[in-house]
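What follows is calculated from the coordinates using simple rules that are stated; it is not laboratory data. Since the model is a prediction, treat every value here as computed from it, not as a measurement. Cβ: placed from backbone, ideal geometry, glycine included. Neighbour counts: every protein chain shown.
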Amino acid sequence: MINKKNLWFLTLFCLILVLSVYYVTMPSELLMTTNSDYTEEIPVSGEESASVIINESNILTALRIESEEQVSAELDELQAILVNADATTEEKNNAYEKIKDINNKRTLEEKLEKQILETYNLKSFVKIDGDQIRVIVSSSAHDTTIANNIIRTIQSNYQENKYISVKFQTE
């Protein structure tokens with residue numbers, strides 16, 4: 001006899017199975033993004049491969065992904081400490097404070113990236129490590145006055161002096 005739990009489990013399992021089969025059999029054209037940052041260029045020769053041109057710098061994207069992976073791994077470790085029954089209260093409090101610091105740092109990084117984009121119309125990647133702030137700007141023009149202005153703009157957000165470095169990356 002099938003009870004309600006088994007019926008719900010069977011129903012959800014079948015739904016997941018149907019969606020999986022649909023995803024696997026779906027044409028690859030539907031999986032491609034329609035984001036305006038990406039354009040596709042197909043070679044004129046009869047080759048099957050297509051080259052993809054990305055407007056945003058590959059370096060910035062790679063740096064964002066690497067940073068997100070590091071932050072995600074660190075947050076997973078801290079959350080494991082929080083849910084660990086054997087951890088002391090002090091360890092849990094320290095883990096909670098570190099999680100708050102990481103989230104605040106990520107918010108500041110995003111705020112600075114947005115500020116650079118709005119002020120100078122340049123895409124950038126910002127990484128904050130203590131009192132050091134590393135900025136990588138995606139621009140073909142390597143101008144020291146723009147770098148100095150970016151440093152002043154970032155420093156204006158802080159009371160204490162920060163070590164700020166700006167690096168230009170060609171698109």
> Please identify the GluC sites (Glu not before Pro) of the stretch 107-163 that satisfy two criteria: DSSP loop assignment and at most 10 other Cβ atoms within 10 Å. Which are they?
Replying inline: GLU160
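As a quick test, which of the pairs LYS114/LYS162; LYS105/LYS167; LYS92/LYS127; LYS123/LYS162 have an alpha carbon distance above 24 angstrom in this structure?
In this structure, LYS92/LYS127 lie more than 24 Å apart at Cα.
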>> Looking only at the stretch 98-171, where both bridge partners belong to it, what percent of the DSSP beta bridges are antiparallel (to the nearest 5)?
In response: 50 percent
> Rg (Å, one decimal) plus Dmax (Å, integer) for the alpha carbons of the stretch 58-169?
Replying inline: 16.7, 55
> In percent, what relative contact order does the stretch 58-169 have, based on Cα pairs under 8 Å that are 6 or more apart in sequence?
Replying inline: 21 percent
> What's the local net charge at GLU109, with K and R +1, D and E -1, over the other residues with C-beta under 12 Å away?
Replying inline: +3
> If amide H atoms are built 1.01 Å from N in the plane of the peptide, which residues on other chains or at least 5 residues away come under 5 Å of the amide H of LYS123?
Replying inline: SER138
